[in-house]
Amino acid sequence: MAGISRAERLKAVARLLQERTVSSQRELVRALEEEGIRATQATLSRDLALLGAVRSRTPSGQVIYWLPREGLEGLPQIQLERMLRDFVVEVEVSGNLVVVKTPPAGAQPVAGAIDRASLRNVLGTVAGDDTLLVVCREGKAREVARELGWKGGSRRQARRRGSEGRGPESASRREGRENGRSLRSRLLGGA
C-alpha cells in the first residue's frame with residue numbers, strides 16, 4: 001500500500017491492537033507489513049505514544065500492548081471483555097464494593113476499561129497498582145461482580161478462564177503477602 005497517510009496508519013495500528021495480542025513493536029511491524037503497510041519501529045514507537053498505547057504484563061507473564069482509550073464506536077465493551085480475560089485474577093464482593101485483583105500494574109487499565117464500558121450499576125472505580133475497587137449502586141455489587149467474572153460461592157475465586165486453581169502470579173502475590181505479614185509482625189514486636 002503506497003502513500004498511506006499517518007491517520008490511516010494510526011487507525012490500522014489501533015485496530016491491530018484491538019484485534020490481536022501484540023507483545024513487541026517488531027511484531028506490530030510484521031502485522032502491518034502483512035496488510036501492506038510499511039513502517040519502521042521508530043515510527044511505530046511514536047504512533048504508539050500518540051495513541052496512548054500501554055504495555056502491561058498479563059497474569060500469565062506475557063507483556064502486551066493495549067489501548068486505554070477507544071476511538072472506534074462499540075469497542076469499550078470489547079476492550080472490557082479483553083481486559084477481564086487478560087488481567088483479572090480474583091474478584092470479591094464486599095457490601096456495595098467489588099474488589100478486583102490483577103497482576104502488578106494491571107489495576108488501572110482494568111479500571112479504565114470498566115469506566116469506559118459505562119456499566120449500568122457501576123458508580124465509579126478506584127485503582128491502585130494491583131487492586132481496584134468498583135463502587136456499585138446499593139444492592140448491585142453481586143450482579144456487577146458476575147459481569148466481571150465472579151462465580152459466587154466462596155469468598156475468593158481464581159478468575160482466569162481456562163485455568164484451574166491459582167497461577168504463578170497468584171502464588172507470587174500470596175508469598176509477598178506472607179512475607180509482608182511476617183515483616184509487619186517483626187516491626188510491631190510480634191512473633
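Okay, here's what the table says:
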quantity: Tail beyond 17 Å, pair distance distribution of segment 78-128 (Cα, percent); calculated: 28
quantity: Reachable lysines from residue 101, criterion Cα separation under 27 angstrom, eight or more residues apart if same chain; calculated: 140, 151
quantity: Inter-probe distance in nm under a simple model that places probes 7 Å from Cα toward Cβ, at residue 131 and residue 26; calculated: 3.8
quantity: Prolate/oblate/rounded label for segment 1-153 (Cα gyration tensor, a/c 1.5); calculated: prolate
quantity: For segment 115-125, 3J(HN,Hα) per residue [Karplus equation, 6.51 cos²θ - 1.76 cosθ + 1.60, θ = phi - 60°, Hz, x = Gly/Pro]; calculated: 4, 5, 6, 6, 5, 3, 9, 9, 8, x, 10
quantity: Hydrodynamic radius of segment 1-58 per Kirkwood, over alpha carbon pairs, in Å; calculated: 11.5
quantity: Contour minus Cα-Cα distance for residue 33 and residue 10 (0.36 nm per residue); calculated: 6.9 nm
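FYI, it's all coordinate maths here, none of it is from the lab. Bear in mind that the values here come from a model prediction, so they are computed numbers and not experimental data. All Cβ positions, even for glycine, are placed from backbone atoms using ideal geometry, and neighbour counts span all protein chains on display.
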